[in-house]
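Below is one structure, written out as structure tokens; comments come after it.
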Amino acid sequence: MSKSNPFDYLQQELVINGTSYKYYKISAIGDKFDELPFSIRVLLESAVRNCDNFQVLEKDVKNILNWKDAKGISNDNDVEVSFKPARVILQDFTGVPAVVDFASMRDAVLKLGGDPNKINPICPSDLVIDHSVQVDFAGTSDALVKNQDLEFERNKERFTFLKWGAKAFNNMLIVPPGSGIVHQVNLEYLARVVFDKSPTGENILFPDTVVGTDSHTTMINGLGVVGWGVGGIEAEAVMLGQSIAMLLPEVIGYKLIGKLNLLATSTDLVLTITKNLRQLGVVGKFVEFFGPGVSELSIADRATISNMCPEYGATIGYFPVDSNSLDYLRQTNRSEDKIRIIEQYLRATKQLRNYADASQDPHYTQVVTLDLSTVVTSVSGPKRPHDRVSVSDMQNDFRLCLTNKIGFKGFGISNEQLSASGSFTWSDGNTYTIKHGSVVISAITSCTNTSNPMVMLGAGLLAQRAVERGLKVLPYVKTSLSPGSGVVTYYLSASGVIPALETLGFNVVGYGCMSCIGNSGPLDDNIVNTIEKNNLVCCGVLSGNRNFEGRIHPNTRANYLASPLLCIAYAIAGTVDIDFEKEPLGVDSNGVNVFLRDIWPTWEEIHLVERKYVIPAMFQEVYEKIEEGSSAWQSLQAPSGQLYPWDESSTYIKHPPFFDGMTRELPVAKPIVDARVLLFLGDSVTTDHISPAGSIARNSPAAKYLASRGLTPREFNSYGSRRGNDAVMARGTFANIRIVNKLVETTGPKTLHIPSGEEMFVYDCAERYATEGISSIAIVGKEYGSGSSRDWAAKGPYLLGIRAVIAESYERIHRSNLVGMGIAPLQFLPGQNAESLGLTGKETYTISIPEKCDPGQQIEVVVSTGLKFNVIVRFDTEVDLTYYRHGGILNYMIRKMLD
């Protein structure tokens with residue numbers, strides 16, 4: 001704690017379990033405190049505790065305390081504040097690039113005459129290696145073992161690199177591969193809820209707050225921890241002790257009343273909330289849940305809702321800590337001493353919530369209400385997570401989507417093509433027919449739902465009843481079960497449902513981020529050929545959180561988010577073109593129709609099983625040795641030393657070029673002159689469209705690069721596994737097969753080299769512009785960069801030579817990432833866009849950002865046609881401008897270390 005902190009007068013002592021702790025009694029700061037939303041109280045505490053009038057200013061504290069006046073009513077007053085999270089959580093996907101960047105930053109600091117030891121995490125960082133593997137062996141009893149062996153075979157070099165990082169950098173905890181998905185490990189094990197020691201070892205109490213390199217970091221909001229996703233670039237700065245500059249958010253109060261009906265699941269609830277809040281418009285805002293209905297939800301239910309916060313667009317979806325939260329800590333084997341510390345500190349600072357006590361309700365910018373009893377069984381799709389459909393309407397909705405014009409709810413299938421079908425012979429010698437709506441992938445996948453014993457055990461009980469009635473899944477449907485942690489497997493096994501799940505093909509295949517991120521593994525060639533030959537809209541059904549085009553699998557054009565129970569139901573049905581009320585899933589051994597309602601378990605039945613089998617001893621057994629890892633992890637030999645010994649022959653870990661040519665002095669700002677449009681895109685371009693993800697197509701520039709390094713297609717692995725190699729990632733940027741670039745007529749990763757009129761891969765065109773000395777920009781529509789918080793969605797465009805993006809609007813995290821890489825995010829004025837201005841994308845553009853630019857300033861864009869138009873510079877804070885002037889946030893950090 002700084003001696004110059006002007007708020008040290010709020011510091012008090014609290015004796016708990018015989019130990020004296022210091023803490024800041026923020027509730028004593030003034031009368032306005034009691035009206036603050038609980039999430040804003042957490043921001044206030046961080047500002048009070050960290051106030052040094054350098055990174056965190058006294059005015060930051062005053063601005064947060066005056067939240068009601070500034071943001072308590074919806075207005076356009078942008079108030080900037082600083083926030084220092086208590087810790088950072090990294091997943092393997094972005095953990096490797098973070099460690100690569102840290103290693104290369106050390107090299108740069110040394111080269112410029114500084115001390116490389118200064119590049120070390122100050123803020124605690126938890127890195128969970130939840131690497132996803134191809135589910136090549138789904139449907140077999142040894143799928144998990146085979147996938148884990150395959151994972152180590154493919155990724156040994158990356159794992160070795162991370163093991164080096166754990167030794168080379170201080171204050172970094174690594175959870176080895178095969179332990180679980182990052183968000184669930186965070187919830188069940190890593191979350192502190194309240195810290196009891198400062199980074200220097202002082203006994204001080206303060207709320208656990210976190211930023212993570214995945215947008216679904218918000219899952220931890222369900223346990224009362226304020227945290228959200230940031231790009232890897234911003235996370236690295238936080239690890240080095242930087243505060244986050246953010247705009248003070250509006251807080252939407254989401255009031256829950258009533259109780260869920262006996263057939264509705266937490267998945268149905270979250271899909272309802274997601275659609276509701278996306279329609280309301282909560283991008284850049286906090287959502288805080290309150291009301292008596294919250295007490296009816298378990299922490300797993302709340303975590304499910306918080307997990308999908310990025311899908312409804314908010315920064316956080318927060319549930320303040322209450323008695324249920326403390327009970328969950330007991331259930332997950334946190335110590336009674338630790339729970340006593342948490343409870344007494346939160347009571348002392350008025351941060352412990354009683355949802356039944358309306359007198360505790362704070363002021364909110366806006367309040368919306370949902371009666372839980374109105375929630376019905378639902379799915380979302382076929383292309384976006386917020387397009388909720390009641391299961392009772394599903395058949396009709398899917399049929400309408402087939403004939404609707406191509407869009408988020410349409411595939412443009414002509415009337416003549418509606419009856420299209422195709423047949424193929426399977427390995428069992430039988431011939432099978434598929435048509436529009438046929439399910440070819442059904443995955444109970446990690447993340448959103450697999451933290452929730454109710455839906456996981458419910459799926460197991462449904463599977464048991466299905467097997468008892470003789471129901472089966474067609475053999476060609478690719479089924480898989482990837483739990484969020486070993487605890488899930490433990491209670492599924494203990495409750496006796498695993499054999500039934502395996503009978504239906506839902507074998508445990510691994511614990512990482514799998515089908516939801518596109519690592520479903522390949523479909524059989526016979527199925528792929530039949531789909532493509534007959535132009536079929538076949539389906540994937542998954543219990544994840546994202547179903548954007550091309551994400552799950554290139555050949556599942558329609559993808560639906562559903563509860564684990566419905567994943568099994570649709571797998572058995574073999575189609576989404578079914579009315580469960582009127583049509584049976586199949587017939588039993590006596591020829592009697594079996595309807596879904598006949599095998600659907602009641603909540604009372606599921607609760608009985610949960611109370612019996614989900615117990616603290618499970619969490620203790622799974623997590624007491626989690627940091628040791630498997631024997632394969634323990635046997636990995638990693639290099640030692642401050643600086644990483646880069647291997648030039650490596651195709652996984654490569655020294656990045658981000659700091660090549662960097663000088664100690666601040667570079668002189670240069671205008672963007674006569675830039676060409678590399679990409680001319682429409683609305684809702686997600687980070688899935690931008691950032692490399694999934695498998696590496698054999699005809700892609702990335703594949704050609706790997707082949708030139710002597711690798712065979714079998715060795716290509718995935719883009720996720722090669723995030724430590726910028727040469728692969730640059731070639732995979734904008735490589736999504738569903739991306740629509742208006743400069744070319746075909747869908748996919750192509751663009752137009754405008755001077756020559758030649759159509760080529762995006763990467764090849766970017767390289768050509770670079771050799772010609774031509775800068776590039778991108779022109780895009782609304783919600784640019786929505787989806788996962790992927791740093792490569794900014795790093796990749798930077799390496800392609802894109803120096804500015806002009807968009808109608810941005811998703812919060814992606815805009816920040818662009819700034820972090822030194823790319824200027826520009827925004828059309830309200831009511832204007834490329835179409836209204838008559839832009840074709842074939843012009844050249846000159847853009848000059850003033851040396852003394854202000855946040856949100858308007859500047860002029862000059863087009864080669866003679867057109868001039870103004871845009872808003874989306875540097876939202878002074879810190880944004882500072883990072884941009886330095887050429888990016890990491891360049892700024894290096895220069896800071898050299899002072």
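The values are calculated or read from the model by the stated rules, or taken from the named source; none is laboratory data. Note that the structure is a prediction, hence the values are computed from the model and not measured. Reconstructed Cβ throughout: ideal geometry from the backbone, glycine too, with neighbour counts over all protein chains shown. The accessibility values were calculated without ligands, DNA or RNA, using every heavy atom of the protein model including side chains. Shrake-Rupley method; radii C 1.70, N 1.55, O 1.52, S 1.80 Å.
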What are the extents of the Cα atoms of region 158-295 along their three principal axes, listed from largest to smallest and rounded to whole Å? 51, 36, 30
Can you pull the one-decimal nm distance between simple spin-label points at ASP361 and GLU648, each 7 Å off the Cα toward Cβ? 6.8 nm
Checked region 297-346 against the a/c 1.5 cut and the a/b vs b/c comparison, axes a ≥ b ≥ c from its Cα gyration tensor; verdict prolate
Which of LYS146/LYS405; LYS32/LYS84; LYS84/LYS612; LYS742/LYS852 exceed 32 Å between C-alpha atoms? The answer is LYS146/LYS405; LYS84/LYS612; LYS742/LYS852
In this structure, among LYS167/LYS338; LYS22/LYS338; LYS59/LYS350, pairs with alpha-carbon gaps over 21 Å are LYS167/LYS338; LYS59/LYS350
For ASP683 and ARG330, calculate 0.36 nm times their separation in residues minus their Cα-Cα distance, and state this gained length in nm to one decimal. 122.5 nm
Selection from LEU262, ILE64, VAL194, by position along the positive dipole direction of the chain (Cβ): ILE64
Output the Kirkwood hydrodynamic radius of region 756-830, Cα pairs only, in Å rounded to one decimal. 12.9 Å
Convex hull over the Cα atoms of region 648-769, averaged projected area in nm²? 9.5 nm²
Cα atoms only, region 6-85: Rg and Dmax in Å? 13.7, 49
For region 839-898, which trypsin sites (Lys or Arg not before Pro) are both in a DSSP coil and crowded by at most 12 other Cβ atoms within 10 Å? LYS852
Would you please classify the overall shape of region 538-586 from the alpha carbon gyration tensor, given that a ≥ b ≥ c denote the square roots of the eigenvalues, rounded means a/c under 1.5, and beyond that prolate means a/b larger than b/c while oblate covers the rest? prolate
Is the shape of region 779-899 rounded, prolate or oblate, going by the alpha carbon gyration tensor and its root eigenvalues a ≥ b ≥ c, with a/c under 1.5 for rounded and a/b larger than b/c for prolate? prolate
Projected convex hull area of the chain, Cα atoms, direction-averaged, in nm², equals 35.3 nm²
What FRET efficiency comes out for the pair GLU157/GLN55, r = Cβ-Cβ distance, R0 = 35 Å, nearest 0.05? 0.40
Under 16 Å from the Cα of LYS255 - aspartates and glutamates, other chains or at least 8 residues apart: GLU288, GLU296, ASP301, ASP322, ASP357, ASP361, ASP371
Rg and Dmax of region 1-151, Cα atoms only, in Å: 22.6, 63
More than 11 angstrom apart: percent of Cα pairs within region 475-516: 65 percent
Where nothing but the Cβ of Lys and Arg (+1) and of Asp and Glu (-1) is charged, how large is the charge dipole of region 433-525 around its Cα centre, in debye to the nearest 20? 220 debye
With R₀ set to 45 angstrom, the calculated FRET efficiency between the beta-carbons of ASN590 and THR746, to the nearest 0.05, is 0.25
Percent of Cα pairs exceeding the 17 Å cut-off, where the set is region 530-659: 78 percent
Along each principal axis, Cα extent of region 399-538, largest first, Å: 51, 37, 26
Sequence-distant aspartates and glutamates (8 or more away, or on other chains) whose Cα lies within less than 13 Å of LYS782: ASP683, GLU808, GLU811, GLU835
Looking at region 543-618, which GluC sites (Glu not before Pro) are DSSP coil and have at most 14 other C-beta atoms within 10 Å of their C-beta? GLU581
I need the calculated FRET efficiency for the pair LEU867 and ARG768, taking r as the beta carbon distance and R₀ as 25 Å, to the nearest 0.05. 0.45
About the Cα centre, and with charges only on the beta carbon of Lys, Arg (+1) and Asp, Glu (-1), how big is the dipole of the chain? Nearest 20 debye, please. 760 debye
Per region 718-864, sqrt(5λ) over the Cα gyration tensor eigenvalues, sorted largest first, in Å, gives 23, 20, 15
CD proxy, 222 nm, the chain: helix-only mean residue ellipticity via -39,500 (n - 2.57) per DSSP H run with n ≥ 4, per residue, nearest 500, stands at -9000 deg cm²/dmol
So the carbon and sulfur contribution to the accessible area of the chain, 1.4 Å probe, in percent, is 48 percent
Gain on full stretching of the segment that runs from ALA638 to GLU468 - 0.36 nm per residue minus C-alpha separation: 56.2 nm
Take the eigenvalues of the Cα gyration tensor for region 734-788, scale each by 5, and report the square roots as semi-axes in whole Å, largest first. 20, 14, 10
In nm, to one decimal, how far is the modelled label at ARG698 from the one at TRP603, with both set 7 Å along Cα→Cβ? 5.1 nm
State the three equivalent ellipsoid semi-axes of region 760-799, derived from the C-alpha gyration tensor as the square roots of 5 times its eigenvalues, in descending order and whole Å. 23, 12, 9
Where the centre of each part is set by its Cα atoms, how far does region 686-720 sit from region 307-363, in angstrom? 43 Å
Debye sum, Cα scatterers, region 320-376, no solvent: what log₁₀ I/I(0) at q = 0.18, 0.26 1/Å? -0.77, -1.06
With a cut-off of at most 10 other beta carbons within 10 Å, and DSSP calling the residue loop, which trypsin sites (Lys or Arg not before Pro) in region 599-687 qualify? Please list them. LYS625
Heavy-atom accessible area per residue, the chain, 1.4 Å probe: how many Å²? 35 Å²
Just subtract the alpha-carbon distance of THR19 and LEU110 from 0.36 nm times their residue separation and send over the number in nm, one decimal. 28.4 nm
